[in-house]
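Novice: Here you go, one structure.
The values are calculated or read from the model by the stated rules, or taken from the named source; none is laboratory data. No experiment lies behind these values; they were computed from the predicted model shown. For neighbour counting, all protein chains shown are included, and Cβ atoms are generated from backbone atoms with ideal geometry for every residue, glycine included. Accessible surface is based on the protein model in full, side chains and every heavy atom, while ligands, DNA and RNA are left aside. Shrake-Rupley method; radii C 1.70, N 1.55, O 1.52, S 1.80 Å.
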Amino acid sequence: SAKLELDLFGTRPVDNFLSQGRVLNQPRLRFAYFQLAKKAWKITAGQDRAILAPLDPVSLSHVAIPLGASAGNLWSWLPQVRLDGTRKFGNSSVLLQVGVLRPQFADSRLNDLPAAGTSLEGSPGLGERASHPFYQSRVALSHPMNGSNITIGAAGHYGRERIGAARTLDSWAFAVDYSVPLHRRLTWRGENFVGSNLIPFQGGVTQGVAFLQPVATAPPTQLNRSGAGGGWTELIIKETQDNKNVFYLG
């Protein structure tokens with residue numbers, strides 16, 4: 001199988017007048033991947049959601065980017081190769097996901113943005129210079145409950161960026177996600193995370209690194225990763241039996 005999804009909320013190329021991400025009016029590739037599945041195994045190759053923290057809150061304010069981006073909701077769409085395996089134990093099932101993803105940081109504080117007239121997606125940055133992909137994995141347990149499934153997952157992430165000729169900085173995260181049907185018409189879901197240098201997923205209020213630079217024209221003398229922690233939670237209330245009227249509280 002395959003999936004292709006686009007919209008018209010892409011960022012304009014950097015033009016020295018408007019900063020990256022201010023004008024969203026270009027074609028944008030959201031998802032584009034192939035999947036090959038056989039029995040309990042599935043391989044995904046292409047651009048998809050990151051394995052880390054796969055849920056997003058739901059809201060009418062979600063237009064170009066997911067709600068809570070840079071404010072407690074980790075998210076990213078990245079090229080990747082991923083292996084999914086599912087194992088059933090009676091009525092329960094366990095999902096294991098492992099994959100490698102494009103190591104894209106795009107940290108404006110380190111000038112890790114494309115030159116004027118070029119796009120973010122086409123320019124290799126500090127993550128690509130490290131010559132290591134992002135490594136991510138997730139395990140999730142599902143079990144029937146109140147006419148649906150309760151699912152609880154835990155995921156990990158590790159990456160690296162190269163700054164200058166020899167300096168490298170790590171990026172790591174641990175996240176949990178949950179979707180709990182408290183009642184056939186009431187679901188509680190959300191995510192929580194901790195980590196460091198999480199600007200690839202808009203964690204840490206889009207601040208991945210802090211640095212000391214006594215002289216503006218000289219390289220920084222000290223670089224420190226910014227630790228981050230956060231999350232989000234919401235209730236989904238199905239107000240009518242036909243499920244056409246739903247109220248979200250988060």
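Novice: If the requirement is being open to solvent by less than 90 Å² (accessible area, probe 1.4 Å), without any contact (Cβ under 8 Å) to a residue 12 or more places away in the chain and over 16 Å from ARG109 (Cα atoms), which of these qualifies: VAL246, VAL215?
Specialist: After ruling out the rest, the residue left standing is VAL246.
Novice: How about the stretch 82-97: which of its residues are part of a strand (DSSP E or B) and either in contact with a helix residue (DSSP H, G or I) (Cβ under 9 Å, 6 or more places away or on another chain) or not β-branched (Val, Ile, Thr) (or both)?
Specialist: ARG82, LEU83, ASP84, GLY85, ARG87, LYS88, PHE89, SER92, SER93, LEU95, LEU96, GLN97
Novice: Under 30 Å from SER131 (Cβ atoms), at pLDDT 95 or above, among the basic types (Lys, Arg) and open to solvent by less than 70 Å² (accessible area, probe 1.4 Å) - does that describe any residue in the stretch 30-37?
Specialist: No - not one qualifying residue is present in the stretch 30-37.
Novice: Got at least one residue in the stretch 192-209 being without any contact (Cβ under 8 Å) to a residue 40 or more places away in the chain, surrounded by fewer than 16 Cβ atoms within 10 Å (Cβ to Cβ) and β-branched (Val, Ile, Thr)?
Specialist: Scanning the stretch 192-209, I find no residue that is without any contact (Cβ under 8 Å) to a residue 40 or more places away in the chain, surrounded by fewer than 16 Cβ atoms within 10 Å (Cβ to Cβ) and β-branched (Val, Ile, Thr), so the answer is no.
Novice: Determine whether the stretch 155-167 contains at least one residue that is among the acidic types (Asp, Glu), crowded, with 19+ Cβ neighbours inside 10 Å and farther than 19 Å from ARG109 by Cβ.
Specialist: No.
Novice: Cβ contacts < 6 Å: first residue within 22 Å of LEU101 (Cβ to Cβ) and among the hydroxyl-bearing types (Ser, Thr, Tyr), restricted to the stretch 162-186; second residue assigned to a loop (DSSP other than H, G, I, E, B) and modelled with pLDDT of 95 or more, any location; separation 6+ or different chain. Result?
Specialist: Cβ pairs passing all conditions: SER171/ASN197.
Novice: Of everything in the stretch 98-114, what is touching a residue at least 12 places away in the same chain (Cβ under 8 Å) and open to solvent by 20 Å² or more (accessible area, probe 1.4 Å)? Give them in sequence order.
Specialist: VAL98, VAL100, ARG102, GLN104, ALA106, SER108, ARG109, LEU110, LEU113, listed by residue number.
Novice: Which of the numbered conditions does LYS3 fail, given that it passes all the others? Conditions: (1) modelled with pLDDT of 95 or more; (2) of a type in the set (D, E, K, R); (3) within 20 Å of GLN202 (Cα to Cα).
Specialist: (3)
Novice: While we're on this one: Please indicate, with yes or no, whether at least one residue in the stretch 54-73 is open to solvent by less than 30 Å² (accessible area, probe 1.4 Å), touching a Leu at 6+ places or on another chain (Cβ under 7 Å), touching a residue at least 60 places away in the same chain (Cβ under 8 Å) and not charged (D, E, K, R).
Specialist: Yes: the stretch 54-73 contains one or more residues that are open to solvent by less than 30 Å² (accessible area, probe 1.4 Å), touching a Leu at 6+ places or on another chain (Cβ under 7 Å), touching a residue at least 60 places away in the same chain (Cβ under 8 Å) and not charged (D, E, K, R).
Novice: Would you say THR221 is open to solvent by less than 90 Å² (accessible area, probe 1.4 Å), of a type in the set (Ser, Thr, Tyr), touching a strand residue (DSSP E or B) at 6+ places or on another chain (Cβ under 7 Å) and more than 25 Å from GLY68 (Cβ to Cβ)?
Specialist: Against the criterion (open to solvent by less than 90 Å² (accessible area, probe 1.4 Å), of a type in the set (Ser, Thr, Tyr), touching a strand residue (DSSP E or B) at 6+ places or on another chain (Cβ under 7 Å) and more than 25 Å from GLY68 (Cβ to Cβ)), THR221 qualifies.
Novice: Counting only residues that are farther than 24 Å from TYR248 by Cβ and aliphatic (A, V, I, L, M), how many does the stretch 25-61 have?
Specialist: So the answer is 8.
Novice: Among the residues of the stretch 139-156, are any modelled with pLDDT of 95 or more and touching a His at 6+ places or on another chain (Cβ under 6 Å)?
Specialist: Yes: the stretch 139-156 contains one or more residues that are modelled with pLDDT of 95 or more and touching a His at 6+ places or on another chain (Cβ under 6 Å).
Novice: Out of the strands (runs of 3 or more DSSP E) lying entirely within the stretch 133-250, which hold 2 or more residues that are more than 18 Å from the chain's Cα centre (by Cα) and over 19 Å from ALA53 (Cα atoms)?
Specialist: So the answer is 134-145, 148-163, 167-183, 209-212, 222-225, 227-238, 246-249.
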